[in-house]
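Undergrad: For reference, the structure I am asking about is given below.
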Amino acid sequence: MRILAIETSCDDTGVTIFKGKGSARSAFFEILLNLVSSQTIHAKYGGVFPAMAKQEHIKNLPLLTEFALKKIKGKIDAIAVTSGPGLEPCLWSGIVFAKELAEKWKVPLIPVNHMEGHIFSVFAKAKGKFKINLPKSKFPMLALLVSGGHTELVLVKDLGKYEIIGKTLDDAAGEAYDKVARMLGLDYPGGVKISKLAEEARKEKLISNFSFPRPMLKSPNLNFSFAGLKTSVLYALRAVEKLDEETKKKVALEFENAVVETLVYKTAKAVETHKVKQIILAGGVAANKHLKREMQKIFGKERVLFPEKILTGDNALMIGVIGYLRFLQNKKKVLKKDKIKAEGNLEL
Ligand code: KG4
Ligand code: ZN
């Protein structure tokens, strides 16, 4: 089958086409094309404006899709599209576009949960051919999902069976990164810029004179909270007379250490209580080098899976991969196209 997948949940417009065959527990993929257009328009505003992002998707989608279809020359057998969670106007732009094509071509439309896409992004390759084997014996797994909108610990009991065992009570980890970046005068999305400063501080062996809290470490549950940490950074910065490059690096270092320590500690706690076979680290913040390193240090290289860097951020390939696997699993239960709608708060 040839699958077209579309992702528009936030500020990245993703379009991909791949060939798929096999079964839900053992499937082969051959990527024909994988396109992502990241909207840079939001950088100067310090965040994503849904109405503006939607307009960009509406402009980008036909361009990317037309280009992709011309390149692959051939028909599409099914379409996968993100239906949530995300910014509803953005989600709708993808859904409306996908519905029109699915109706025109008379092919199934598969709604996909964006977070489920992130989880399974660890099994995909960004290029060429790959196989995904998901026998029952591989489960349960534990996923730490860290993105701009989510910070969740998910018990992955089987394909399609998830339980959220911990989540943030306020800001997501990526959101905290972006807000602290803004306090340091860095453009949106600031996560990658903060982590670069923190890495430089480590290389230069700078000692941070800042001390930020490790939120919720003492709480008995697996939940997170990053709002207080963000406020601590704000107060500390108010006391700073000159925010020079070195001070920024020291703030970034201590902030990143606090976030990563918290994430790793709670993941370890979850691993203690749930006998999981593999640990998945996914979502935009999974691009963070320090987080990857610490996860590997604590749980072992073999045990932690994370996506190829290019697949950590939002992309249509992860949507297509899980959409196709779930389609193979539930072929008989494909939703009617008019039942598919955007759900900003869709849960796993
Ligand atoms: O998954 P994603 O692309 O979009 C959402 O679904 O939210 O995640 C984007 C988030 C942003 O908050 C961005 O700042 C953060 O991921 N991010 C990072 C890094 N790269 C991206 N945070 C920390 N370190 C990074 N290297
Ligand atoms: Zn995402």
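Undergrad: Within segment 202-251, report the GluC sites (Glu not before Pro) that DSSP leaves as loop and that have at most 16 other Cβ atoms within 10 Å.
TA: When the GluC sites (Glu not before Pro) of segment 202-251 are filtered for loop state and at most 16 Cβ neighbours within 10 Å, E204, E241 remain.
Undergrad: Which log10 I(q)/I(0) values does segment 200-348 give at q = 0.08, 0.13, 0.18 Å⁻¹ under the Debye formula, counting every alpha carbon as one identical point scatterer?
TA: -0.35, -0.81, -1.22
Undergrad: Still on this structure, I have one more. Please list the radius of gyration and Dmax for segment 1-43, considering alpha-carbon atoms only, with Å as the unit.
TA: Spelled out, the Cα radius of gyration and Dmax of segment 1-43 are 13.4, 42 Å.
Undergrad: Taking 0.36 nm per residue of separation and subtracting the Cα-Cα distance, what length does fully extending K104 through F67 add?
TA: Contour length minus Cα-Cα distance gives 11.5 nm.
Undergrad: Only helical DSSP H runs with n ≥ 4 go in: add -39500 (n - 2.57) per run for the chain, normalise by residue count and round the 222 nm mean residue ellipticity to 500 deg cm²/dmol.
TA: Result for the chain: -13000 deg cm²/dmol, rounded to the nearest 500.
Undergrad: Quote the charge dipole size of segment 165-264 about the Cα centre in Debye, to the nearest 20; the model charges only the Cβ of Lys and Arg (+1) and of Asp and Glu (-1).
TA: Using only the charged Cβ atoms, the result is roughly 160 debye.
Undergrad: I need to check one value: relative contact order of segment 222-306, counting alpha carbon pairs closer than 8 Å and at least 6 residues apart, in percent.
TA: Across segment 222-306, relative contact order equals 30 percent.
Undergrad: Quick one: go through segment 285-318 and flag any residue whose amide nitrogen is under 13 Å from the point 7 Å out along the Cα-to-Cβ line of K205.
TA: Under 13 Å, as judged by backbone N against the label point of K205, lies no residue of segment 285-318.
Undergrad: Relative to the longest principal axis of the chain, what angle (0 to 90°, nearest 10) does the C-alpha long axis of helix 289-299 take?
TA: 90 degrees
Undergrad: How big is segment 180-266 by Rg and Dmax over its Cα atoms, in Å?
TA: 12.9, 39
Undergrad: Moving to a separate point now. Kindly provide the pair-distance distribution of segment 99-188 built from C-alpha pairs, with 5 Å bins from 0 and whole-percent values in order of increasing distance.
TA: Percent of Cα pairs in each bin: 3, 11, 15, 15, 15, 15, 12, 9, 4, 1, 0.
Undergrad: Provide the three semi-axes, in whole Å and in decreasing order, of the ellipsoid equivalent to segment 36-95 as defined by the square roots of 5 times the Cα gyration tensor eigenvalues.
TA: Largest first, segment 36-95 gives 25, 15, 8 Å.
Undergrad: Can you put I3, I132, I310 in order, fewest other beta carbons within 10 Å first?
TA: Sorted ascending by nearby Cβ count, the order is I310, I132, I3.
Undergrad: How high is the relative contact order of the chain, given as a whole-number percent (alpha carbon pairs under 8 Å, six or more residues apart)?
TA: Reported as a whole number, the value is 26 percent.
Undergrad: Still on this structure, I have one more. Points 7 angstrom from Cα along the Cβ direction at K131 and E272: gap in nanometres?
TA: 3.9 nm
Undergrad: Could you tell me the center-to-center distance, by alpha carbons, between segment 158-173 and segment 243-288 in angstrom?
TA: Here the two parts' Cα centres lie 16 Å apart.
Undergrad: How big is the charge dipole of the chain about its Cα centre, in debye rounded to the nearest 20, if each Lys and Arg gets +1 on its Cβ and each Asp and Glu gets -1 on its Cβ?
TA: The calculated dipole for the chain is roughly 1540 debye.
Undergrad: Using a simple charge model, +1 on the beta-carbon of Lys and Arg, -1 on the beta-carbon of Asp and Glu, nothing else, what dipole does segment 193-348 show about its Cα centre, in debye to the nearest 20?
TA: 780 debye
Undergrad: Can you tell me the orientation of helix 173-183 relative to the chain, as the angle in degrees between its alpha-carbon axis and the longest Cα principal axis, to the nearest 10?
TA: Orientation of helix 173-183: about 50 degrees from the principal axis.
Undergrad: How much length, in nm to one decimal, is gained on full extension between L243 and I164, taken as 0.36 nm per residue of separation minus their Cα-Cα distance?
TA: Once the chain is fully extended between L243 and I164, it gains 24.5 nm.
Undergrad: When the Cα centres of segment 201-215 and segment 103-132 are compared, how far apart do they sit, in Å?
TA: Cα centres, segment 201-215 to segment 103-132: 39 Å.
Undergrad: Here is a follow-up. On C-alpha positions alone, give me the angle between the axis of helix 316-329 and the longest principal axis of the chain, in degrees, nearest 10.
TA: Here the helix axis deviates by roughly 50 degrees.
Undergrad: To continue, here is another question. Evaluate the Kirkwood expression for the hydrodynamic radius of the chain, namely the inverse of the mean inverse distance over all pairs of different C-alpha atoms, and round to one decimal in Å.
TA: 20.7 Å
Undergrad: When the label point is put 7 Å from the Cα of Y265 along its Cα-to-beta-carbon vector, which residues of segment 288-309 have a backbone N closer than 19 Å?
TA: Answer for this model: 290-299.
All of the numbers you see were taken from the coordinates with simple rules; none came from a lab. Predicted model only: the values in this text are computed from it and were never measured. Please note: Cβ atoms are built from the backbone with ideal geometry, for glycine as well, and neighbour counts cover all protein chains shown.
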